[in-house]
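Worksheet for the structure shown next.
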Amino acid sequence: MLGCFVSGHVRLGCNGIRYAIYYGVNDAQQGDLLTSGDFYLHPRLAADTAFVADWTLSRVMLMNDARYPWLILVPRRGGATELFDLAAPDRATLIEEISRASQALKELSPPAKINIGALGNLVPQFHVHVVARSQSDAAWPGPVWGQGVAEPYEPGRLDALAALVRTKS
């Protein structure tokens, strides 16, 4: 990773985003890393997405799967693994940010439906998926999770789309 900094369990990615490195640690230790009080982006989220923006509460990421316009909101609160881990004002802010992300996706690609979900079975860090769905997409009408193999955007398209989302939100 040319130009990237790694120190201990913290990695500063080439794009300036910090996240915890989970190599060689078990699930309990991973949880400990997330409860440090600092915000780290889980490595799976970092690997599968492109940075869009930092909003009041959430880091906004664009999923690198060209089959679906798909944003992920990650509240920048260390140790949050569930919605109830957020303070009431943060929960209210998150709802407004979900609405904002939904509107941005609607303007980019008029969907039949916006799906919103917070699963966390593979990534324990609390995050919310906002997915624009169309009747012609690969998984319609079922869920997008676990359907086929992600189709990465063509080179340059992911960053261009992230920049376009920034202008809409």
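Throughout, read-outs are computed from the coordinates displayed, never taken from laboratory work. Just so it is clear, the structure is predicted and the values come from calculations on it, not from any experiment. No Cβ is skipped: glycine too gets one built from the backbone with ideal geometry, and neighbour counts run over all protein chains shown.
Rounded to two decimals, the Cα-based Rg/Rh of region 41-168, with Kirkwood Rh, is 0.94.
Extension gain for Trp140-Asp38 works out to 32.9 nm (0.36 nm per residue, less the C-alpha to C-alpha distance).
With the simple model of a label 7 Å out from the Cα in the direction of the Cβ, Asp85 to Leu119 spans 1.8 nm. Compared with the direct C-alpha span, the chain from Asp54 to Ser99 gains 14.7 nm at full extension, assuming 0.36 nm per residue.
Applying a DSSP loop filter and a limit of 11 other Cβ atoms within 10 Å to the GluC sites (Glu not before Pro) in region 65-161 leaves Glu82.
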